[in-house]
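S.K.: Below is the structure I would like to discuss, written out as structure tokens.
The values are calculated or read from the model by the stated rules, or taken from the named source; none is laboratory data. Values in this document were obtained by computation on a predicted structure and should not be read as measured data. As a convention, Cβ positions derive from the backbone with ideal geometry for all residues, glycine included, and neighbour counts pool all protein chains shown. SASA here: full protein model, heavy atoms, side chains in, ligands and nucleic acids out. Shrake-Rupley method; radii C 1.70, N 1.55, O 1.52, S 1.80 Å.
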Amino acid sequence: MAALTPTAPAAPGQAPRRAPGGAAVRGRRRPRVWRGGVLTLAGLYFVVPLLSSFVFTVHIPNQGVSFAAYTGILSADGFVQSLLLSLGLAAATIALALLLAVPALVAVRRAAGR
């Protein structure tokens, strides 16, 4: 992709910076600390509720940890029907999104090529 992206020419009258050996030096970008902070906050935003939900389902007060809530799911009434319904709806949603998006993307690509 980088080979396809043109580089901006140097400003008129401005010589490129040179390293002590004479080679041109590209401008160094400073690391942006705020990006890490935003990524950390976003990660916590998603991970903390998941962990809280998991701990809430396995921890029984005054008894400790039990996975009975998870082992009982497979034998629950209507689980298989609900799972199949969810998988069918997911497949239908994917198919509908592709049926709408692919022709639109092809049309945009053909129009941009003219």
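S.K.: Looking at the stretch 68-114 only, could you name the residues that are assigned to a helix (DSSP H, G or I), among the polar types (S, T, N, Q) and under 23 Å from T57 (Cβ atoms)? Spell out how you get there, then give the answer.
M.R.: Taking the stretch 68-114 first, the residues assigned to a helix (DSSP H, G or I) are 68-71, 79-112.
From what is left, the residues that are among the polar types (S, T, N, Q) are 71, 81-82, 86, 93.
The answer is T71, Q81, S82, S86.
S.K.: Name the pairs whose Cβ atoms lie under 6 Å apart, with the first residue in the stretch 34-57 and more than 28 Å from A69 (Cβ to Cβ), the second acidic (D, E) and surrounded by 10 or more Cβ atoms within 10 Å (Cβ to Cβ), and 6 or more positions between them or separate chains?
M.R.: none
S.K.: Shifting gears a bit: Identify all residues within the stretch 48-72 that are open to solvent by 70 Å² or more (accessible area, probe 1.4 Å) and either in contact with an Asp or Glu (Cβ under 6 Å, 6 or more places away or on another chain) or among the β-branched types (V, I, T) (or both); write none if there are none.
M.R.: V48, V55, V65, T71
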